[in-house]
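Step one of this worksheet: look at the structure below.
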Amino acid sequence: MASGSKNQAGLRIGFLTAIEIGDGGFVGGLLVADRFGRPLEFQCTTPVKPNRTQALLYGPTLVPFLLGELLSKTLIDRVGIKPDVLLTNREEMLEVRRLVDQIVLFAVSGSEPSADARTVKVGAKLFQTHADFPDDLEAARRQTSVVSAESDLHEPLERVGEALGETLGTASQRPRVA
């Protein structure tokens, strides 16, 4: 179990995602909810846009760095109510697992477990663990066993994306340079 988890009934799930804002920029969001999907806390980052030099130097590792390390880690550090497990619909965000104690699961399509040994069913949907953390699979099964089998845990991720879009619509559109 992730540190800070008191018991399964008090499971706190983090829904972590990011949306692209154009020109290679991103904004990230984290909703911490109870096991029923009721919001406990929401945080979002300011828009981040890498400069041309960073894009050249990071190359294909730029987006995983921005989403998986910079935005995700910032959000997790910022929330007052720490999630026990993190769910994301952005595969690049799995990389934050290297920096945090929480299990991070990536939403995959389908609802029936595949032959992939890294796949776990949480509620009615499938999620995948980080390849470098094989022990996360069994721990994720234990932690999320209290989630209703009918729960669609992809849906809160969509809500976070919509909330980010709404926030951007009311906030300044000028991204900061990473």
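Scan the stretch 73-96 for residues that are in contact (Cβ under 8 Å) with a residue 24 or more places away in the chain and under 17 Å from residue 62 (Cα atoms) and the total you get is 8. A single entry from 74, 61, 53 fulfils the requirement of being at pLDDT 95 or above, among the β-branched types (Val, Ile, Thr) and part of a helix (DSSP H, G or I): 74. Against the condition aliphatic (A, V, I, L, M), assigned to a loop (DSSP other than H, G, I, E, B) and more than 20 Å from residue 165 (Cβ to Cβ), how does residue 13 come out, does it pass? For residue 13, the condition - aliphatic (A, V, I, L, M), assigned to a loop (DSSP other than H, G, I, E, B) and more than 20 Å from residue 165 (Cβ to Cβ) - is not met. Out of 119, 144, 88, one residue alone is closer than 19 Å to residue 27 by Cα, of a type in the set (S, T, N, Q), buried (at least 17 other Cβ atoms within 10 Å of the Cβ) and modelled with pLDDT of 90 or more. It is 88. So for the stretch 83-93 (the condition being over 16 Å from residue 17 (Cα atoms) and assigned to a loop (DSSP other than H, G, I, E, B)), does at least one residue qualify? Within the stretch 83-93 (the criterion being over 16 Å from residue 17 (Cα atoms) and assigned to a loop (DSSP other than H, G, I, E, B)), the answer is yes, since at least one residue qualifies. For beta carbons closer than 6 Å, sequence separation of 6+ or different chains, a first residue in the stretch 13-30 that is within 19 Å of residue 94 (Cα to Cα) and touching a residue at least 40 places away in the same chain (Cβ under 8 Å) and a second that is part of a loop (DSSP other than H, G, I, E, B) and charged (D, E, K, R), the qualifying pairs are 17/90; 18/90.
For the stretch 95-113, the tally of residues that are at pLDDT 95 or above and touching a strand residue (DSSP E or B) at 6+ places or on another chain (Cβ under 8 Å) stands at 8. With respect to residue 98, is the statement that it is touching a Leu at 6+ places or on another chain (Cβ under 8 Å) and of a type in the set (Lys, Arg) true? Judged against the criteria, residue 98 is not a match. When the stretch 72-82 is limited to residues that are of a type outside the set (Lys, Arg) and within 19 Å of residue 33 (Cβ to Cβ), the one that is surrounded by the most Cβ atoms within 10 Å (Cβ to Cβ) turns out to be 72.
Among the residues making up the stretch 28-40, those that are buried (at least 23 other Cβ atoms within 10 Å of the Cβ) and farther than 15 Å from residue 102 by Cβ are 28, 29.
The values are calculated or read from the model by the stated rules, or taken from the named source; none is laboratory data. Owing to the predicted nature of the structure, the values given are computational and were not obtained by experimental measurement. Methodologically, a virtual Cβ is constructed for each residue, glycine included, from the backbone with ideal geometry; neighbour enumeration extends over all protein chains shown.
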